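*Asks:* If you scroll down you'll find the structure; I have some questions about it.
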Amino acid sequence: MTPGLSDAAGARAEGQRLLAAFVEAGALPVEAAILQPAEVLLDLYGEDIRARAYVTQDPLRGEMMLRPDFTVPVVQAHMREGAEPARYAYLGEVFRKQESRASERASEYLQVGFELFDRDAPQAADAEVFALFARLLAPLGLRAATGDIGILRAAVQGLPTSAARKAALMRHLWRPHRFRALLERYAGRAPVAPERWALLEALQAGKRPVSDAPQIGLRSAEEIAARLALLTEDAACAPIEAGLVDDLEALVAIAAKAPAALSELQAHARAMPWIDGSVLGYARRLDALDARGIDVAALDFEGSYGRTTLEYYDGFVFGFYAEARPELPPVATGGRYDALTAVLGQGRSIPAVGGVIRPALVAALKGAG
């Protein structure tokens, strides 16, 4: 047997073992089609998903994508017919494009996962999923990292600024550099691009820069006019108070053990009282994790953690890493995605949290040990 086939067999065996552990924890094993409708994924993530997924054309079903993950089809199936509460587990290949040949991340790899849908005690559900993953991965000696996208979302949504600015910040929550650049501009601390000034000056002078062209590029004159109206509105908007921007940037930059991170978050909540409820949720999650036997004093919290993954996480997020192998992707990741169930539930929603493990990495790290 060649090394490649041996590696694949080891990963499959490890995946079956983990799947059995998830089933033993109460999960119902489920399947998901490898070909998924592209329309659903594009609606969720926008055109950016094309850069990461494999797209094909079906003569009857239209544009399709090779399954980039299991969460979306599992949520769709649950929202159609699932009972509550519910636990699901799955095992199969997922497909993601990689940016370079030098990447250690495979374009096709095996994924085993666990999803929990429960309306009661979300912090307890978070703790159940995290503790299950921590127990299964404990022999590997991995570092666990955690974060909370919900706190960051609450911080942005409560800012005393225009709805348009808050919407822009929420759109770029997953692009940290762009997010910070917007914050700095909205605080009046970053220069406005020369072309933006030129457009604003033209508007203020009563000129209509696009009135003689019915369409420019792919945008109609109406779309361009709407964009110019937004620019005008933004120019008239007062800067966000510099102190609030500093607090928000400091919140995002938190990197500490969980108890110290809680103290920092509570301090920021005094300046941004609109995050108080989310910080209280974080404190309750730590209590729930402690009740599950997790050493929260040793647990890492990062204020920006989870902001470069698929964009459906909106609360607790976590990952497990092999510190001795920094070139490897995370062995496991997961988090809460309540809003996704509302989007896919056609008017219905249910709090949900889950995670995935890469069996090939587990098998490789066991072999290396």
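The values are calculated or read from the model by the stated rules, or taken from the named source; none is laboratory data. Since the structure is predicted, the reported quantities are computational estimates derived from the model, not experimental observations. In this analysis, Cβ positions are derived from the backbone assuming ideal geometry, glycine residues included, and neighbour counts consider all displayed protein chains. Just so you know, the surface numbers come from the protein's heavy atoms only, side chains and all, with ligands and any DNA or RNA stripped out. Shrake-Rupley method; radii C 1.70, N 1.55, O 1.52, S 1.80 Å.
*Asks:* Here are the criteria: (1) open to solvent by less than 20 Å² (accessible area, probe 1.4 Å); (2) in contact with a helix residue (DSSP H, G or I) (Cβ under 7 Å, 6 or more places away or on another chain). Tell me which single one A297 does not satisfy.
*Replies:* With respect to (1) open to solvent by less than 20 Å² (accessible area, probe 1.4 Å); (2) in contact with a helix residue (DSSP H, G or I) (Cβ under 7 Å, 6 or more places away or on another chain), A297 is out only on (1).
*Asks:* Confirm whether P259 is assigned to a loop (DSSP other than H, G, I, E, B) and out of contact with any Ser or Thr (no Cβ under 6 Å at 6 or more places or on another chain).
*Replies:* no
*Asks:* Something else: Looking at the structure I just gave you, is E264 within 30 Å of R96 (Cα to Cα), open to solvent by 50 Å² or more (accessible area, probe 1.4 Å) and either at pLDDT 95 or above or not hydrophobic (A, V, I, L, M, F, W, C) (or both)?
*Replies:* Against the criterion (within 30 Å of R96 (Cα to Cα), open to solvent by 50 Å² or more (accessible area, probe 1.4 Å) and either at pLDDT 95 or above or not hydrophobic (A, V, I, L, M, F, W, C) (or both)), E264 does not qualify.
*Asks:* Sticking with this structure for a sec: Please state which one of Y313, Y282 is more than 19 Å from A134 (Cα to Cα), touching a residue at least 60 places away in the same chain (Cβ under 8 Å), open to solvent by less than 30 Å² (accessible area, probe 1.4 Å) and not acidic (D, E).
*Replies:* Y313
*Asks:* While we're looking at this one, here's another question. Restricting attention to the range 92-103, does a residue exist that is at pLDDT below 95, assigned to a loop (DSSP other than H, G, I, E, B) and in contact with a Leu (Cβ under 7 Å, 6 or more places away or on another chain)?
*Replies:* Within the range 92-103 (the criterion being at pLDDT below 95, assigned to a loop (DSSP other than H, G, I, E, B) and in contact with a Leu (Cβ under 7 Å, 6 or more places away or on another chain)), the answer is no, since none of the residues qualifies.
*Asks:* Next up: Restricting attention to the range 118-129, which residues are surrounded by 16 or more Cβ atoms within 10 Å (Cβ to Cβ) and modelled with pLDDT under 95?
*Replies:* Listed by number, the residues that qualify are D118, P122.
*Asks:* If you take the residues in the range 344-369 that are within 18 Å of P85 (Cα to Cα) and hydrophobic (A, V, I, L, M, F, W, C), which one is most open to solvent (accessible area, probe 1.4 Å)?
*Replies:* The selected residue is L344.
*Asks:* Moving on. Condition check: at pLDDT below 70, open to solvent by 60 Å² or more (accessible area, probe 1.4 Å) and of a type in the set (V, I, T). Does I224 satisfy that?
*Replies:* Taking the combined requirement at face value, the residue does not satisfy it.
*Asks:* Right, L289: closer than 18 Å to A144 by Cβ, of a type in the set (A, V, I, L, M) and within 22 Å of the chain's Cα centre (by Cα) or not?
*Replies:* yes
*Asks:* Can you name the residue in the range 316-329 that is open to solvent by 20 Å² or more (accessible area, probe 1.4 Å) and at pLDDT below 95 and is also nearest to Q266 (Cα to Cα) among such residues?
*Replies:* Here the residue is E323.
*Asks:* For the range 131-189, which fully contained helices (runs of 4 or more DSSP H) count at least 3 residues that are at pLDDT below 95 and either aromatic (F, W, Y) or open to solvent by 40 Å² or more (accessible area, probe 1.4 Å) (or both)?
*Replies:* 163-171, 176-186
*Asks:* Let me ask another. Name the pairs whose Cβ atoms lie under 6 Å apart, with the first residue in the range 245-268 and within 16 Å of G158 (Cβ to Cβ), the second charged (D, E, K, R) and in a helix (DSSP H, G or I), and 6 or more positions between them or separate chains?
*Replies:* From the range 245-268, the pairs are H268/D247.
*Asks:* Still on this structure, I have one more. Among (1) surrounded by 16 or more Cβ atoms within 10 Å (Cβ to Cβ); (2) more than 16 Å from the chain's Cα centre (by Cα); (3) more than 23 Å from S349 (Cβ to Cβ), which single condition is Y90 missing?
*Replies:* (3)
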